[in-house]
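Here's the structure we're looking at; comments come further down.
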Ligand SMILES: CC(C)(COP(=O)(O)OP(=O)(O)OC[C@H]1O[C@@H](n2cnc3c(N)ncnc32)[C@H](O)[C@@H]1OP(=O)(O)O)[C@@H](O)C(=O)NCCC(=O)NCCS
């Protein structure tokens, strides 16, 4: 089974090509139903599992259920290298959510080379086009790399110092307003 996921939304800021810090060509584009197995493969081999708010779930069955939920209910963006899914992020744009929660995971071997920053910057533009007021997330205080990425694109802490902290990003809705429904 593969989810429909994107609810017919299309955004001007997608797709985009970037070069990572190792000069690899990375494609950033919206998830499509045909990507499900490749995305599942990324999470099956993802390490470490369960560290960030229990995600990605370590248990195979729970992880599969979680992934079906993510692709069917959230707006998903992939980063691909030579057809391999090497990054995934998602934003809850369903039901006119103006303050969606953000999640992001990059495959080992592709971390720390600028891909998470590029994906987050694209998702910020998606949120602008969708007319969101802010994006929110929860991150482990010890996850300095993730915090660095989120601060670079404009997230700021909005909760006190705890093992996990909430961050939010104020979004200026773009002139384009809500993402267009319908296939590109
Ligand atoms: C966190 C994550 C999404 C970041 O994406 P990424 O592609 O690795 O990050 P980038 O390469 O774009 O940027 C990392 C930045 O943090 C910096 N950094 C790396 N380690 C750091 C550390 N220990 N402390 C502070 N900064 C650090 C890098 O120098 C880089 O900044 P620069 O480009 O200004 O030099 C990715 O590493 C990942 O998926 N990790 C595992 C899952 C996870 O933590 N998800 C987030 C859950 S909230």
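The values are calculated or read from the model by the stated rules, or taken from the named source; none is laboratory data. Computed from a predicted model, the values in this text were never measured in an experiment. Cβ atoms come from the backbone with ideal geometry, glycine included; neighbour counts cover every protein chain shown.
Out of the residues in region 24-45 that are assigned to a loop (DSSP other than H, G, I, E, B) and under 15 Å from the mean Cα position of the chain (by Cα), which is farthest from the ligand (Cβ to nearest atom)? Residue satisfying both the conditions and the ranking: 32. For region 38-69, the tally of residues that are within 17 Å of residue 138 (Cα to Cα) and free of Cβ contacts under 8 Å to residues at least 24 places away in the same chain stands at 4. Being at pLDDT below 95, out of contact with any helix residue (DSSP H, G or I) (no Cβ under 8 Å at 6 or more places or on another chain) and farther than 27 Å from residue 113 by Cβ is a condition met by no residue of region 45-65. Of the listed requirements (1) over 23 Å from residue 158 (Cα atoms); (2) surrounded by 19 or more Cβ atoms within 10 Å (Cβ to Cβ), residue 84 misses just one: (2). Sub-8 Å Cβ pairs linking a first residue in region 153-181 that is farther than 24 Å from residue 114 by Cβ to a second residue that is at pLDDT below 85, at least 6 apart or interchain, are 166/159; 181/7; 181/8, ordered by first then second residue. On inspection, residue 82 does not qualify as closer than 19 Å to residue 32 by Cβ and modelled with pLDDT under 95. Please tell me if residue 88 is within 21 Å of residue 27 (Cβ to Cβ) and within 11 Å of the ligand (Cβ to nearest atom). When the stated conditions are applied, residue 88 passes them. The condition of being away from the ligand (no atom under 16 Å from the Cβ), touching a residue at least 60 places away in the same chain (Cβ under 8 Å), under 24 Å from residue 146 (Cα atoms) and in contact with a helix residue (DSSP H, G or I) (Cβ under 7 Å, 6 or more places away or on another chain) does not hold for residue 16.
A single member of 131, 114 is at positive phi, more than 9 Å from the ligand (Cβ to nearest atom) and either touching a residue at least 60 places away in the same chain (Cβ under 8 Å) or surrounded by fewer than 17 Cβ atoms within 10 Å (Cβ to Cβ) (or both), and it is 131. All of (1) under 17 Å from residue 138 (Cβ atoms); (2) surrounded by fewer than 17 Cβ atoms within 10 Å (Cβ to Cβ); (3) at pLDDT 95 or above hold for residue 90 with one exception: (2).
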